[in-house]
Amino acid sequence: MKKGFRQSMAWLHTWTGLLLGWLLFAIFLTGTVAYFRSELTYWMRPELHGSGAGPDPAGQALAQLAEIAPQAASWAVTLPDERSPVLALSWTDPGAGQAGGRAVANVAHIDAATGALLHPRETAGGNFLYRFHFELYGLHRTVARWIVGIATMAMFVAIISGVITHKKIFKEFFTFRPRKGQRSWLDMHNMTGVLALPYHVMITFSGLVLFAATLMPLVAQGLGPRAPRPAAEASVAFPPAPPPLASIAPLIARPEAAWSMLVGRILIEKRDLGTPEIVLVPQRNSVVTVHGGSGSNGVERMRFDGRDGRLIEATGRPAASAVTRFGNALGSLHRARFADTGLRWLFFVAGLAGTVMTGSGLLLWVSKRAAKHARADRYPFGLRLVQRLNVGGIAGLALATAGYLWANRLIPAQLPDRPQAEIAAFFSIWLLATLWGFLRPPQESWGAQLGLTAALLLGLPLLGAATGPVSLPQAIWQGDWVLASVELTALFCGLLCAIAALQLRSDPCRKAGSGAIRLAKTGAEG
């Protein structure tokens, strides 16, 4: 380690960023995409596209549930919103979960305008990328969370030490010199780091707080005995003639006026007891200091008697300590489940900045050392290894993510275990791209993989039109901005990849980057 505080911080920043850099890049990229996991899942189910918005979606849903699940113990309806224009229904059968197990809900989707049943394909959807972001894949959940938690701590250390190291970091934020090799990578690294510095600090620190139960289990769980699980209620025979439900429309109007937010979910409980109750849930959490549970809906509830519409209970925001509110706020900010569409896009852009910051840091490490060893014309094994891992960890992951979307549309819709086939396609492409980086000169691998990624992303609207009922122009014309936003974002990202690929082909060796280029050309040796 070098002498001096700032030099020590520079050493710490470099090596914490490098050793876990590829994992951090994957965490940032998949986490950023996961801000729109609902929209991505909707795109990956073309059978749902074209579903119109009707005047009474709640009435349509309850009428359909009365027809397909009249004897169900409970009903649940997820209403269309700005993130998904489809009605989702679920119900549990009488007696489900009474033996101590968890009741498994049946799920169906209907057209919000006509009430017709839709039959979407099974898909891992955006939820796979979301779960990979903090649990990886194929590992025990606890082990995976430990790995990601350690990587998050390394990221936090790298951010703090980076701020200390770069004494002119805010001045350098306004400086970008393109086509200057190592200087350009440093400018890009600084610019994206400062651009969303508050976000980077928040997202890493809040991630550590969310991993507190894993990293500090005794603190999180306490040392006292756990409370026993309540015993399941005894089964009650379902009455032969369920009482009719009260009109749902006037009930929905009450909480929407009280919350200043649309109702997102309707729950019909206690149907198997003959005393149904209607529970209305907001579309999303309205404040960041309240934990909204495992889903995206808030904690506020209004409970009505299902027979006459009488208000039984109105649940507000529970009282909590300052520490609990602070923890809830960090969790809400990290997940962004409270955010509307505009704020979600802001988080998405900040996440992209973090992804670029991480990737440019890895490339900067190679560029600096390649220039240093250029005069001797001898490149250490570690340098060549990192350069090839950069190809697979950065360009390969981007290619795998684009290929994952194509696999969703190309794998037969009725194939058994489709979600696993999609995930297998993702990892297969990523593995092949990484091997490609070891078998070919890195400069060639970068250009080829970025070019192929650009082709897949730019071709995504054509794939969508060929394999689904709605094309991009039709989606824009019909106002289906959920579908259109996915394909427009793919076009934008594909254009960036195409520019990068063309730049690699046309940009000759330059001053600071000449060592890196020569290393790329001679990297196949040794």
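The values are calculated or read from the model by the stated rules, or taken from the named source; none is laboratory data. In this text, all values refer to a predicted model and were calculated from it rather than measured experimentally. Neighbour counts are summed over all protein chains in view; Cβ atoms, including those assigned to glycine, are modelled from backbone coordinates with ideal geometry.
Looking at segment 512-525, is at least one residue over 23 Å from the mean Cα position of the chain (by Cα), surrounded by fewer than 20 Cβ atoms within 10 Å (Cβ to Cβ), modelled with pLDDT of 90 or more and not charged (D, E, K, R)?
Looking through segment 512-525, none of the residues is over 23 Å from the mean Cα position of the chain (by Cα), surrounded by fewer than 20 Cβ atoms within 10 Å (Cβ to Cβ), modelled with pLDDT of 90 or more and not charged (D, E, K, R).
So, in segment 1-59, exactly how many residues are in a helix (DSSP H, G or I) and under 30 Å from VAL281 (Cβ atoms)?
Residues flagged as in a helix (DSSP H, G or I) and under 30 Å from VAL281 (Cβ atoms) within segment 1-59 amount to 20.
Just for segment 289-326: of the residues that are acidic (Asp, Glu) and assigned to a strand (DSSP E or B), which one is modelled with the lowest pLDDT? I'd like the intermediate steps shown before the answer.
So the first thing to find is which residues in segment 289-326 are acidic (Asp, Glu), and the list is 300, 305, 308, 313.
Add one more test, that the residue is assigned to a strand (DSSP E or B), and what stays is 305, 313.
Values: ASP305: 92, GLU313: 89.
The residue in question is GLU313.
Failed condition for ALA63, given (1) over 20 Å from ILE203 (Cβ atoms); (2) touching a strand residue (DSSP E or B) at 6+ places or on another chain (Cβ under 7 Å); (3) of a type outside the set (Val, Ile, Thr), with all others met?
With (1) over 20 Å from ILE203 (Cβ atoms); (2) touching a strand residue (DSSP E or B) at 6+ places or on another chain (Cβ under 7 Å); (3) of a type outside the set (Val, Ile, Thr) applied to ALA63, the lone miss is (2).
So, LEU364, is that one assigned by TED's automatic domain parsing to the domain that holds ALA454, touching a Gly at 6+ places or on another chain (Cβ under 9 Å) and either in a helix (DSSP H, G or I) or closer than 30 Å to VAL209 by Cβ (or both) or not? Steps first, please.
Details: assigned by TED's automatic domain parsing to the domain that holds ALA454: yes; touching a Gly at 6+ places or on another chain (Cβ under 9 Å): no; either in a helix (DSSP H, G or I) or closer than 30 Å to VAL209 by Cβ (or both): yes.
Considered against the rule, which asks whether it is assigned by TED's automatic domain parsing to the domain that holds ALA454, touching a Gly at 6+ places or on another chain (Cβ under 9 Å) and either in a helix (DSSP H, G or I) or closer than 30 Å to VAL209 by Cβ (or both), LEU364 comes out as no.
Kindly list, by first and then second residue, each pair from a residue in segment 40-53 that is under 15 Å from GLU487 (Cβ atoms) to a residue that is of a type in the set (Gly, Ala, Ser), limited to pairs with Cβ atoms under 6 Å and residues at least 6 apart or on different chains.
Here the result reads LEU40/GLY126; THR41/GLY125; THR41/GLY126; TYR42/SER84; MET44/GLY125; PRO46/GLY468; HIS49/GLY468, each pair linking segment 40-53 to a residue that is of a type in the set (Gly, Ala, Ser).
Select from segment 471-511 the residues that are at pLDDT below 85, in a helix (DSSP H, G or I) and not aliphatic (A, V, I, L, M) and list them in ascending order. Walk me through how you get there before you give the answer.
Our first condition is that a residue be at pLDDT below 85; within segment 471-511, this holds for 503-511.
Going one step further and asking which of them are in a helix (DSSP H, G or I), we end up with 503-506.
Hits for segment 471-511 are GLN503, ARG505, SER506.
Go through segment 32-59 and count every residue that is of a type in the set (Gly, Ala, Ser) and surrounded by 22 or more Cβ atoms within 10 Å (Cβ to Cβ). Before the answer, list the steps.
Taking segment 32-59 and keeping what is of a type in the set (Gly, Ala, Ser), we get 34, 38, 50-54, 58-59.
Next, only the ones that are surrounded by 22 or more Cβ atoms within 10 Å (Cβ to Cβ) stay: 34, 51.
Qualifying residue count for the region: 2.
What tally of residues in segment 16-31 results from selecting those that are crowded, with 23+ Cβ neighbours inside 10 Å and either over 16 Å from TYR130 (Cα atoms) or aliphatic (A, V, I, L, M) (or both)?
So the answer is 6.
Can ILE252 be described as outside any strand (DSSP E or B) and at pLDDT 90 or above?
Numbers: outside any strand (DSSP E or B): yes; at pLDDT 90 or above: yes.
For ILE252, the condition - outside any strand (DSSP E or B) and at pLDDT 90 or above - is met.
Look through segment 257-283, keep the residues that are out of contact with any Leu (no Cβ under 9 Å at 6 or more places or on another chain) and either assigned to a loop (DSSP other than H, G, I, E, B) or of a type in the set (Ser, Thr, Tyr) (or both), and return whichever of them is surrounded by the fewest Cβ atoms within 10 Å (Cβ to Cβ). Talk me through it step by step, then tell me what you get.
Of all residues in segment 257-283, those out of contact with any Leu (no Cβ under 9 Å at 6 or more places or on another chain) come to 257-261, 269-275.
Pick out the ones that are also either assigned to a loop (DSSP other than H, G, I, E, B) or of a type in the set (Ser, Thr, Tyr) (or both) and you get 260-261, 270, 274-275.
Working: SER260: 9, MET261: 16, LYS270: 14, GLY274: 15, THR275: 13.
My answer is SER260.
Checking GLY396 against (1) outside any helix (DSSP H, G or I); (2) in contact with a Ser or Thr (Cβ under 9 Å, 6 or more places away or on another chain), which test does it fail?
For GLY396, the exception is condition (1).
Under 6 Å between Cβ atoms, which residue pairs at least 6 apart in sequence (or on different chains) link something in segment 471-490 that is closer than 26 Å to ALA398 by Cα and without any contact (Cβ under 8 Å) to a residue 40 or more places away in the chain with a partner that is surrounded by fewer than 18 Cβ atoms within 10 Å (Cβ to Cβ) and β-branched (Val, Ile, Thr)?
ALA484/ILE476
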